[in-house]
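The values are calculated or read from the model by the stated rules, or taken from the named source; none is laboratory data. Since this is a predicted model, take the numbers as computed values, not measurements. Quick reminder, even Gly has a Cβ in these numbers, built from the backbone with ideal geometry, and neighbours come from all protein chains shown.
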């Protein structure tokens, strides 16, 4: 399919054989505006036109990227200006945009919301400026009339260095409602109105306690995708938006000590590389794609397995990575895989490197209790803790930790960043030596706190099994992934040469 007119680069770049790419950030005035729905609709629309679209997500969210990937047919990549350096983000964007024609970046929360109230750190606005991309601002029309113009005007003037490409109104009551809003904005603002997304219950995404239903659980039907596409075609001026976008060169920014060459190389592990089994199913689906890529880059072979359906681990593995997800939702089924549960515990006792975070950490504990405390389901028992689900959020936010001991993911003193978000807590916590194994459980994380905040986050290491509620981004600390892979390689040598 020929490139649309708005996608053509300057002739000198075309002569160099480079792929033309345009990009923009989808941001909002705040959470709950329908930003994700509009992002999915735009991704569906672009793909329906035969456009190669590269999706991204600002912030630590795992659920939105999963839906992006299904709609776009291409893996969505997390970008984060608090966990990762500017150079690292730019190179993630370059790698994720390779061979694409349009890059679409979904923001997080409101456009200017981030790590704190005084700086732009961690915000969508900061990422847009780091990548040199204009912003499509989503404004909820619910309960608004002329006041919408004041909101847009405020966002225009708040940061003069930011480029707003246009405004789209969500949750509009009718076309007449949109026209009323558009007239007010055009009279008082410089940012053009590029359309609206009317209220439609057929495209409302179902939610649960951690947010939207995951892409592994929710199949978006062809009918819904068709509806999303038609809503963009009927109510948004995509031609006007694309015509306003500058061509971007994603390969920019100097490499830093932690980013390496993320663009030019495709890493293929050696035949004798250590093998890491990664849990991947409806219960365990929260992973930063870059974490998996970093393990491959560090020399590991990655194989997937399902704690929900598999009775045993893949053959010949040298390590296990258990990401986050919803083990509490599938606890009953997980508890029936007694062969697999026992195998993981035996391997933990034997010294295999095993890393679990949040949901994966819960799976490494003795049992998980439901919110009403009436049902308890056995897990692997690698840690002698019990997990109690709660109806209220137990912890949420960015975290920075310093390692107090050598661990699976770094040496003593290493500083690593990540994000914590869970509705459960530990019960029956034991420390010191455990009678059944003689092993010692150590807290190996020292968490950095903000003024006035109490942090109870810990990282537990026993033998070579490490578990925590923290979702770590390996890219936040040099050598994080490499340390994990090196431990797996050492285990492999011991396993093959007993």
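If residue 126 satisfies every condition in (1) surrounded by fewer than 24 Cβ atoms within 10 Å (Cβ to Cβ); (2) within 23 Å of residue 194 (Cβ to Cβ) but one, which is the exception?
Result: residue 126 passes all but (2).
State whether the residues of the range 219-232 include one that is at pLDDT below 90 and within 18 Å of residue 149 (Cα to Cα).
Checked the range 219-232: no residue is at pLDDT below 90 and within 18 Å of residue 149 (Cα to Cα).
Do we find that residue 360 is touching a residue at least 60 places away in the same chain (Cβ under 8 Å), within 25 Å of the chain's Cα centre (by Cα), within 16 Å of residue 458 (Cβ to Cβ) and outside any helix (DSSP H, G or I) in this structure?
Against the criterion (touching a residue at least 60 places away in the same chain (Cβ under 8 Å), within 25 Å of the chain's Cα centre (by Cα), within 16 Å of residue 458 (Cβ to Cβ) and outside any helix (DSSP H, G or I)), residue 360 does not qualify.
Give the range 339-357 a look and list any residue that's under 18 Å from residue 469 (Cα atoms) and assigned to a loop (DSSP other than H, G, I, E, B), or say none.
Let us first name the residues in the range 339-357 that are under 18 Å from residue 469 (Cα atoms), namely 353-357.
If the condition is that a residue be under 18 Å from residue 469 (Cα atoms) and assigned to a loop (DSSP other than H, G, I, E, B), then 353 is the only one that fits.
When you go through 274, 307 one by one, which is the residue that is crowded, with 19+ Cβ neighbours inside 10 Å, without any contact (Cβ under 8 Å) to a residue 60 or more places away in the chain, more than 18 Å from residue 62 (Cα to Cα) and in contact with a helix residue (DSSP H, G or I) (Cβ under 6 Å, 6 or more places away or on another chain)? Lay out the reasoning, then the answer.
Numbers: 274 fails: without any contact (Cβ under 8 Å) to a residue 60 or more places away in the chain.
307 is the lone residue from the list that is crowded, with 19+ Cβ neighbours inside 10 Å, without any contact (Cβ under 8 Å) to a residue 60 or more places away in the chain, more than 18 Å from residue 62 (Cα to Cα) and in contact with a helix residue (DSSP H, G or I) (Cβ under 6 Å, 6 or more places away or on another chain).
Looking only at the range 146-175, how many residues end up being out of contact with any strand residue (DSSP E or B) (no Cβ under 7 Å at 6 or more places or on another chain) and either over 22 Å from residue 234 (Cα atoms) or modelled with pLDDT of 95 or more (or both)?
Looking only at that region, the number is 11.
For the range 346-364, give me each residue that is at pLDDT 95 or above and either surrounded by 21 or more Cβ atoms within 10 Å (Cβ to Cβ) or touching a helix residue (DSSP H, G or I) at 6+ places or on another chain (Cβ under 6 Å) (or both).
Across the range 346-364, the qualifying residues are 347, 348, 352, 353, 354, 355, 356, 357, 360, 361, 363, 364.
Residue-wise test of (1) within 25 Å of residue 53 (Cα to Cα); (2) assigned to a helix (DSSP H, G or I); (3) in contact with a helix residue (DSSP H, G or I) (Cβ under 7 Å, 6 or more places away or on another chain).
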residue	(1), (2), (3)
99	yes, no, no
109	yes, no, no
116	no, no, no
128	yes, yes, no
139	yes, no, yes
145	no, no, yes
152	no, yes, yes
